[in-house]
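Shown next, in structure tokens, is the structure this report addresses.
The values are calculated or read from the model by the stated rules, or taken from the named source; none is laboratory data. All of these numbers come straight from a predicted model, not from anything done at the bench. Positions of Cβ are generated from backbone atoms using ideal geometry, with glycine treated the same way; all protein chains shown enter the neighbour counts.
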Amino acid sequence: MFPRFLILLFSFLLIGTSFARVAQLPAEDSGESEPRSVFPRDGQRISIDVYRDESVRPPPAAISQSSGKLDTWMWSALARFDVKINDGQTVQVAKDAYQSMKRRWLEDKIKDRRKPRVMTALRKDDKVYLASSARSTNLVVYTEERRYIDEVRRDVPKPLADALAYCYNTHKPPQRQHMYQGHCGEMMAAWAYFAHQASQGEPVNDLQGAVFVTWEEGLTRAGKQVERIKDPCAGGSSDPWGCNQVLKSLGATWIDRRTKGQDYPEPRDLFQKELLGQCNLKKSAGMYDQAKPIENHGG
């Protein structure tokens with residue numbers, strides 16, 4: 001007969017092995033593991049984050065006089081990496097940026113009707129421009145709300161303004177504005193890219209080589225909760241045109257909506273990039289939450 005302590009030892013080993021196998025089952029059954037997000041911040045690395053764009057908001061007096069009803073709600077950033085990231089990594093960056101925006105909503109107590117539905121990432125070389133759609137009670141792109149007026153605001157970068165005019169003039173009648181008045185994330189990200197290139201003394205006239213992806217969360221008209229890649233908006237032959245037509249006219253492409261997110265390296269730098277303001281360094285290797293203008297910084 002075996003000594004009692006050997007029987008007990010064998011029993012413990014058998015039970016422990018069974019638990020170990022059970023613990024491994026979820027990982028085996030779940031397929032590919034979720035990508036590691038550089039979010040939330042852990043204080044040891046640079047995370048993806050976005051910031052409210054104050055430059056597109058009306059003057060404080062106008063906001064106050066309207067009891068906060070006249071305003072623009074948009075969040076954005078510019079991330080610079082040591083290497084050019086791929087499509088799956090770009091998708092994950094857009095998803096993480098959306099999560100950062102949601103945290104900002106909680107911090108600032110943003111009401112549901114003011115929350116943008118999408119976050120767009122524009123990847124070009126080693127940079128990713130992040131911009132939500134603009135929820136606004138005033139116009140950001142056009143000068144008038146009338147759908148048949150094509151005039152854009154003078155702050156809109158010329159390449160983007162020209163593309164909007166081209167789509168307006170070449171779309172089958174009736175000629176109308178962008179179907180969402182140009183407030184989509186793709187238009188905001190393109191604006192940020194053109195403005196930043198011009199501020200660096202390197203103006204460009206198109207989006208050749210730029211890759212877009214837009215992450216959407218929220219309820220559909222049917223009441224279904226979605227978390228997915230959203231293709232650029234596009235009207236039919238008798239409907240207003242949208243981002244699809246604008247991006248094509250500028251030579252840009254976008255990521256297939258079936259693409260899954262992937263791990264990505266932490267950014268080398270993270271900037272607050274406002275459409276009408278400066279590009280301010282917010283985070284860099286070894287430094288956090290400092291604001292430093294970077295015009296002529298090479299970013």
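For region 224-257, taking the residues that are without any contact (Cβ under 8 Å) to a residue 24 or more places away in the chain and basic (Lys, Arg), the one that is farthest from Leu122 (Cα to Cα) is identified as Lys224. State whether the residues of region 164-178 include one that is touching a Phe, Trp or Tyr at 6+ places or on another chain (Cβ under 8 Å), crowded, with 16+ Cβ neighbours inside 10 Å, part of a helix (DSSP H, G or I) and of a type in the set (A, V, I, L, M, F, W, C). Within region 164-178, one or more residues are touching a Phe, Trp or Tyr at 6+ places or on another chain (Cβ under 8 Å), crowded, with 16+ Cβ neighbours inside 10 Å, part of a helix (DSSP H, G or I) and of a type in the set (A, V, I, L, M, F, W, C). Listed by first and then second residue, the pairs linking a residue in region 117-142 that is in the same structural domain as Gly88 (by TED's automatic domain parsing) and under 15 Å from Leu247 (Cα atoms) to a residue that is of a type in the set (Asp, Glu) and in a loop (DSSP other than H, G, I, E, B), with Cβ atoms under 6 Å apart and 6 or more places separating them unless they lie on different chains, form an empty list.
I'd like the full set of residues that are among the polar types (S, T, N, Q) and touching a Lys or Arg at 6+ places or on another chain (Cβ under 7 Å), limited to region 217-237. The one that is among the polar types (S, T, N, Q) and touching a Lys or Arg at 6+ places or on another chain (Cβ under 7 Å): Ser237. Once region 200-227 is narrowed to residues that are among the small types (Gly, Ala, Ser) and surrounded by fewer than 19 Cβ atoms within 10 Å (Cβ to Cβ), the residue that is nearest to Gln278 (Cα to Cα) is Gly201. Among residues of region 195-209 that are in the same structural domain as Leu78 (by TED's automatic domain parsing), those with a Cβ under 6 angstrom from a residue that is in a helix (DSSP H, G or I), sequence gap 6+ or separate chain, pair up as Pro203/Gln197; Val204/Gln197; Asn205/Pro159. If I ask for residues that are surrounded by fewer than 18 Cβ atoms within 10 Å (Cβ to Cβ) and basic (Lys, Arg), which ones from region 260-283 would you list? Hits for region 260-283 are Lys260, Arg268. For region 142-160, the count of residues that are at positive phi and either of a type in the set (D, E, K, R) or part of a strand (DSSP E or B) (or both) is zero. Scanning for something more than 25 Å from Ile255 (Cβ to Cβ), modelled with pLDDT under 90 and buried (at least 18 other Cβ atoms within 10 Å of the Cβ), does region 125-144 turn up at least one residue? Looking for residues that are more than 25 Å from Ile255 (Cβ to Cβ), modelled with pLDDT under 90 and buried (at least 18 other Cβ atoms within 10 Å of the Cβ), one finds at least one in region 125-144, hence yes. Can you pull out every residue in region 151-177 that is in contact with a helix residue (DSSP H, G or I) (Cβ under 8 Å, 6 or more places away or on another chain) and either among the aromatic types (Phe, Trp, Tyr) or over 21 Å from Leu276 (Cα atoms) (or both)? Residues satisfying the conditions are Tyr166, Cys167, His171, Gln175, Arg176, Gln177.
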